1. Using unit Cβ charges (K, R positive; D, E negative) and no other charged atoms, how large, in debye to the nearest 20, is the dipole of the stretch 9-153 about its Cα centre?
2. Compute the whole-percent fraction of alpha carbon pairs in the stretch 11-62 spaced more than 14 Å apart.
3. Please list, by residue number, every one of the chymotrypsin sites (Phe, Trp or Tyr not before Pro) in the stretch 59-107 that is coil in DSSP and has at most 16 other beta-carbon atoms within 10 Å.
4. Whole Å is fine, so just give me how far the alpha carbon centre of the stretch 38-80 lies from that of the stretch 124-196.
5. Step through the residues of the stretch 138-150 one at a time and calculate ³J(HN,Hα) from phi using the Karplus curve (6.51 cos²θ - 1.76 cosθ + 1.60, θ = phi - 60°), rounding each to whole Hz and writing x for Gly and Pro.
6. Taking only Cα atoms, what is the 0 to 90° angle, nearest 10, from helix 68-91's long axis to the longest principal axis of the chain?
7. Using a Förster distance of 22 angstrom, determine the FRET efficiency expected from the C-beta separation of Leu199 and Ile242, and round it to 0.05.
8. Specify which labelled value, from (1) 31; (2) 38; (3) 13, agrees with percent of Cα pairs over 35 Å apart derived from the coordinates of the model shown.
Amino acid sequence: MLGFGLAIEPQLWALLFVMVRVGAALIAAPVFGNVSVPLPVRVALSGAVGVLVLGTTPVAVPPTIFALATFVAVAAEALVGLAIGFILQIAFAAPLIAGEIIGGSMGIGFANMIDPNSGRSSPAIGQFLSILLTLLFLSLDGHLVLVDMVVKSYVALPPGASWMSAGQLRDIALFGGYAFSAGLLLALPVGFLLLCLNLVVGMLSRSAPALNLFAVGLPASLAVGVISLAIAFPAMGDYMQIIVREGLAAAQSLVLG
């Protein structure tokens, strides 16, 4: 019996309580939080990781379900899980920012597609870079590192302890600037060449006002953009690995300090 005569197995209540943090982390994290991932799959993953947590870490479960302290504990668990997943989601925003910069410079900023990750419209180049970052995240075992951090968070931030400190929340807010800086650096090789092309086209328009810029500038921007993307892909892939590692390091610093 747990609270107001509600009959529930203690093991099941412990599993449900642990699944709050795990499920919140999976919902906010990239890959697992995609709208293309069915809800039953997320619930099953949360339950599997919850069983792993209960088998490796002693968790203090609130004895009473319908109590104010229990509701506060559940809210704290959800906050910790959302913070772990959200800090990784910040790093995954860098390719979308880079896609906006490159697509606008190439003149194909209107080329949008439905992003399967978020379910919203996003630039085609940004979606391509986001898929590439997701594949690199999986190839570097980032999903396994995420699960390991969630399990270790029950030791560093045990249930029933104090909520996340103001310093940890400040670190999450400051890490938000990393998405803009990483997106700018990711788009820098292609963006710089397109900027030089726009300067040349601008000088041509001043020297030859009768020149049709739409007939010359747009095809030149597309050609230079595609060629520069093909050349810069190896360097962009290397920097995407740095983005993945920085996101995982920030999440690990949030959990382990």
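1. 80 debye
2. 49 percent
3. Listed in order of number, the matching sites are Phe66.
4. Answer, in whole Å: 24.
5. With coefficients 6.51, -1.76 and 1.60, one gets 6, 5, 8, 6, x, 5, 6, 5, 4, 4, 5, 5, 5 Hz.
6. It is inclined by approximately 20 degrees.
7. On the way: r = 30 Å, r/R0 = 1.34.
Computed FRET efficiency for Leu199 and Ile242: 0.15.
8. (1)
Quick note: the coordinates plus some simple rules give every number you see, no bench work behind them. A quick note: this is a predicted structure, and the numbers were derived from the prediction, not measured. As a convention, Cβ positions derive from the backbone with ideal geometry for all residues, glycine included, and neighbour counts pool all protein chains shown.
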